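Q: Would you mind keeping the following structure in view while I ask a few things?
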Amino acid sequence: MSPEGTHKIVEVTASGRSGYQIVSGARTRLPALMRAAGVDGSACLIVTDDNVAELYGSAIENDLEEAGFDVSTFVVRPGEASKDLEVVANLYRWAFANQVDRATPVVALGGGVVGDLGGFFAATVLRGVPLVHVPTTLVAQVDSSIGGKTGVNHVSGKNLIGSFYRPTLILTDTELLSTLPDREWRNGLSEVLKHALIRDLAFFDWLRTNWDSVLRREEHIVPEMVERAAQIKVDVVIHDELEGGLRRILNFGHTFGHAMERIAGYGSLGHGEAVALGMRAAAFLSAERGADVDIDALGHLLQDIVPTSIPPMPIDWLLQSMRRDKKRVGEVLHVVLLEEIGSAVVASDVTDDELRSALQHALA
Ligand code: ADP
Ligand code: ZN
């Protein structure tokens, strides 16, 4: 049973191990939901970043304190640079100073950065303590908080250190998204669209129909959109929790997009912006190979997500980056393509010529 005023989006169970819930509800329900999920510690550690702390930190701290938790909060700098082992070391120091024990929950309150960092910390401190996600960005609500990936970056590359670790609870409150900067909203829409494209034609049609309301974040649209997009991610990771096969389709647009982020220089293109350009490339390539994909209709939606000015990215550099990355991990290049809208396949026989023309189309 979920506490009053909340509703369960889904119970995530896979591989016969204990499941966890993704619940949609107001953030004021957090303490009750944590207790209902079996969290019985008295101490509680919140990991968040400056922006989120400023907006929501003290209200959530107060709610937890009132429910009997003894709360300590660790605030990191916003941005990817906080996904760093040195920050993790500081988190451990802080946790031991605050008498963390195996029952102490870690609440990751923030976007993808805080979720990955706080998740990795929770997974490793004392070999794992209960992890509660309160995702505050669209990306985190529909994508990064779901599926159990945690981790930090390394000088050799992004997300190279981490583990799969199941949260105890994910509380999704779409009202938190009202304060997101517009660019972050559009970055998140990229992953929403990705989920529709790889898995759900009806959802894609719904997005098309409601696109203006989606861009304007209208209240009657956002909860349904977030829930449908999150469901798709759940559906994929339930079938492939440890990324053996199916989960690869979540990389739609990402093989191209990651290369663009690297070549443009991290930060100059948002992740979602790069993925939107990447999806433009992947959809073009799919159509070239005969898929029934209306790239004009799709391009129309993507137009509102891609950056208004695209930084210069030489095609040869992008190509090299895509190939080199895979060689290092001893893999061939897998590119996710669409068979049609709502259905994805993984191709491992894509030629350089095909990649080049897809990139040219995407960046034109
Ligand atoms: P993502 O979730 O896109 O992976 P981040 O965790 O880096 O990325 O969050 C993106 C930015 O948005 C950060 O600067 C973060 O502080 C800020 N942010 C996160 N949630 C909110 C929110 N609800 N309102 C305003 N800003 C937010
Ligand atoms: Zn992504």
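Q: Hey, what's the Kirkwood Rh for the stretch 199-301 if you take every pair of different alpha carbons, in angstrom? If you can, show how the numbers build up before the last one.
A: Working: mean 1/r = 0.0655 Å⁻¹.
After inverting the pairwise mean of 1/r, the radius is 15.3 Å.
Q: Determine the shape class of the stretch 6-179: with a ≥ b ≥ c the square roots of the Cα gyration tensor eigenvalues, call it rounded for a/c under 1.5, and otherwise prolate if a/b is greater than b/c, oblate otherwise.
A: Working: a/c = 1.22, a/b = 1.16, b/c = 1.05.
Rounded shape, in that the Cα axes give a/c under 1.5.
Q: Once the Cβ-Cβ distance between residue 59 and residue 165 is put in as r, and R0 is 45 Å, what FRET efficiency do you end up with, to the nearest 0.05?
A: Once the sixth-power term is evaluated, E becomes 0.95.
Q: Another question, then. Looking at this model, which pairs from 83/194; 8/233; 8/83 are more than 18 angstrom apart at the alpha-carbon?
A: 83/194; 8/83
Q: Roughly how many nanometres apart are two label points built 7 Å out from the Cα toward the Cβ at residue 66 and residue 210?
A: 3.1
Q: At a Förster radius of 45 Å, what calculated FRET efficiency corresponds to the Cβ-Cβ distance of residue 7 and residue 303, to the nearest 0.05?
A: Result of the calculation: an efficiency of 0.85.
Q: When the accessible area of the chain is split by element with a 1.4 Å probe, what percent falls to carbon and sulfur?
A: 48
Q: Now for a different question. Placing +1 at every Lys and Arg Cβ and -1 at every Asp and Glu Cβ, with all other atoms neutral, what dipole size does the chain have around its Cα centre, in debye to the nearest 20? Please list the in-between numbers first.
A: Values: 33 positive and 49 negative charges, 205 e Å.
Computed charge dipole of the chain: roughly 980 debye.
Q: Calculate, axis by axis, the spread of Cα positions in the stretch 42-108 along the three principal axes, and write the results as whole Å, longest axis first.
A: Over the stretch 42-108, Cα extents along the principal axes are 33, 28, 14 Å.
Q: If you don't mind, there's one more thing I want to ask. Specify whether the C-alpha gyration tensor of the stretch 136-206 places it in the rounded, prolate or oblate class, a ≥ b ≥ c being the square roots of the eigenvalues: rounded for a/c under 1.5, otherwise prolate if a/b is larger than b/c and oblate if not.
A: In terms of gyration-tensor shape, prolate.
Q: Run through the DSSP bridge list for the chain and note the antiparallel percent, rounded to the nearest 5.
A: DSSP beta bridges in the chain are roughly 40 percent antiparallel.
Q: Which whole-number percent is the relative contact order of the stretch 117-181 (Cα, under 8 Å, 6+ apart)?
A: 39
Q: Which of rounded, prolate, oblate describes the chain, given a ≥ b ≥ c as roots of the alpha-carbon gyration tensor eigenvalues and a/c under 1.5 marking rounded, otherwise prolate only if a/b is larger than b/c?
A: Since a/c reaches 1.5 and a/b is larger than b/c, the shape of the chain is classed as prolate.
Q: Right, something else. When only Cα pairs under 8 Å and 6 or more residues apart are kept, what is the percent relative contact order across the stretch 205-363?
A: 23
Q: What's the percent breakdown of Cα-Cα distances in the stretch 89-201 across 5 Å bins, shortest bin first?
A: 2, 12, 20, 21, 19, 14, 7, 3, 1, 0, 0
Q: Express the Stokes-Einstein translational diffusion coefficient of the stretch 111-170 in µm² s⁻¹, to the nearest whole number, given a Kirkwood radius over alpha-carbon pairs, 10 °C and a viscosity of 1.306 mPa s.
A: Answer, rounded: 140 µm²/s.
The values are calculated or read from the model by the stated rules, or taken from the named source; none is laboratory data. Computed from a predicted structure; not experimentally measured. Glycine gets a Cβ as well: all are built from the backbone with ideal geometry, and neighbour counts include every protein chain shown. Areas reflect the complete protein model, heavy atoms only, side chains present, ligands, DNA and RNA absent. Shrake-Rupley method; radii C 1.70, N 1.55, O 1.52, S 1.80 Å.
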